[in-house]
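Heads up, the thing below is written out as structure tokens.
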Ligand code: FAD
């Protein structure tokens, strides 16, 4: 069966193979039957539905593009399609999955030694081992490249970590958190696999978020936290290496924004066909149609953009500026689409039970994380002008 085309106006889904389409529909069915019925309840309570981890793992999509270690080895286009399908129903579950499969596993896959990959990736692929990625600090966000203050000091066969991290998704319960810290001796940023329960590693959940409330974000405090040299990511030698992970995951966030926008658009379209005012469906009014067409235009532009982005990634030609441009454009347009979706739903647009209110809130977090609009614009600006305007 073909996927419904409401939000796929240019039939991009038809460019997939039969096998790929079947997987797309499998993930869609999972999101609609397992996640959709429970998500608003968890969103409101700001709690994570741990019972879904096993079911999500059973889809066997974690570590989507990686080869070996039990990972599916799919294309980057397919990873994007699956990310969109998840976010079409809920961005928090997509973020949880993105931290696990992209940021945490990706760091090990790209920057770990063979031994480290063997140790961690199979369990993480099965989601029996959960990961987190700790880069941002309370006082250092956009300026992480040169500004990290968390320190690492080598003493014999160990490293002593000191500092704080903020916003770290999954960290309250993760089995392993990748901590990025500056080597006091050579000044370079290095990555450390910090195991759950390591003395000197504590987490505190960030309360009262107004977006992605299901994601458990934490402040991490590292106090003389000792990590063995064997748990230092062996091929992470400077922030440039960290950036290789971020380039890959930024492309994923662009797809996540597309999914969020698509979910809001499809909900709004359905609603306007069913809701009647003045004796007619509101979808029959010219001004409502204008809103819907504006939403669809942007959504279609976003989808074609990320599809090509992932093709470039599959061809090994993805640059930082390619990923940044898509991240900026898609998260910006998503903000616009979700707000129009909320608008055409009138008062019901602010009720959680109609889903769009959750998309409106969640779009704000997607807009800011993995590089804000300004930072990603500056990355593109530097590439096209040759001038760096960061400072
Ligand atoms: P700041 O860097 O303080 O920026 C504030 C404003 O100043 C922004 O508008 C920014 O664009 C602007 N600005 C900064 N510098 C410049 C400049 N040179 N020129 C122009 N404008 C500038 N981090 C992790 O490490 N791991 C995670 O799992 C993680 N998950 C997250 C989940 C959520 C829900 C959120 C909200 C954040 C998460 N983050 C995570 C952190 C995220 O990556 C940062 O929030 C983001 O990089 C922005 O940093 P900041 O919030 O400190 O903002």
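The values are calculated or read from the model by the stated rules, or taken from the named source; none is laboratory data. What you see is a predicted model, and the numbers here were worked out from it, not measured in a lab. Reconstructed Cβ throughout: ideal geometry from the backbone, glycine too, with neighbour counts over all protein chains shown.
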Q | Qualifying helices (runs of 4 or more DSSP H) (wholly inside the stretch 227-346; at least 1 residues being buried (at least 17 other Cβ atoms within 10 Å of the Cβ) and free of Cβ contacts under 8 Å to residues at least 60 places away in the same chain) | A | 286-314, 320-344
Q) Somewhere in the stretch 147-165, is a residue more than 17 Å from residue 53 (Cα to Cα), touching a helix residue (DSSP H, G or I) at 6+ places or on another chain (Cβ under 9 Å), part of a helix (DSSP H, G or I) and within 16 Å of the ligand (Cβ to nearest atom)? A) no
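A quick yes/no check of all residues on (1) away from the ligand (no atom under 16 Å from the Cβ); (2) touching a helix residue (DSSP H, G or I) at 6+ places or on another chain (Cβ under 8 Å):
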residue: 13; (1), (2): yes, yes
residue: 45; (1), (2): yes, no
residue: 63; (1), (2): yes, yes
residue: 96; (1), (2): no, no
Q: Check whether at least one residue in the stretch 109-130 is buried (at least 22 other Cβ atoms within 10 Å of the Cβ) and assigned to a strand (DSSP E or B), and report yes or no.
A: no
Q) Quick one: residue 376 ticks every box in (1) surrounded by 15 or more Cβ atoms within 10 Å (Cβ to Cβ); (2) at pLDDT below 95; (3) farther than 21 Å from residue 82 by Cα bar one, so which box is it? A) (2)
(Q) Suppose we filter the stretch 204-226 for residues that are touching a strand residue (DSSP E or B) at 6+ places or on another chain (Cβ under 7 Å) and more than 12 Å from the ligand (Cβ to nearest atom); how many remain? (A) 8
Q | Of residues in the stretch 172-201 being within 15 Å of residue 124 (Cβ to Cβ), in a loop (DSSP other than H, G, I, E, B) and in contact (Cβ under 8 Å) with a residue 24 or more places away in the chain, the one farthest from the ligand (Cβ to nearest atom) | A | 175
Q: Scan 150, 155 and give me the residue that is closer than 18 Å to residue 200 by Cα and surrounded by fewer than 17 Cβ atoms within 10 Å (Cβ to Cβ).
A: 155
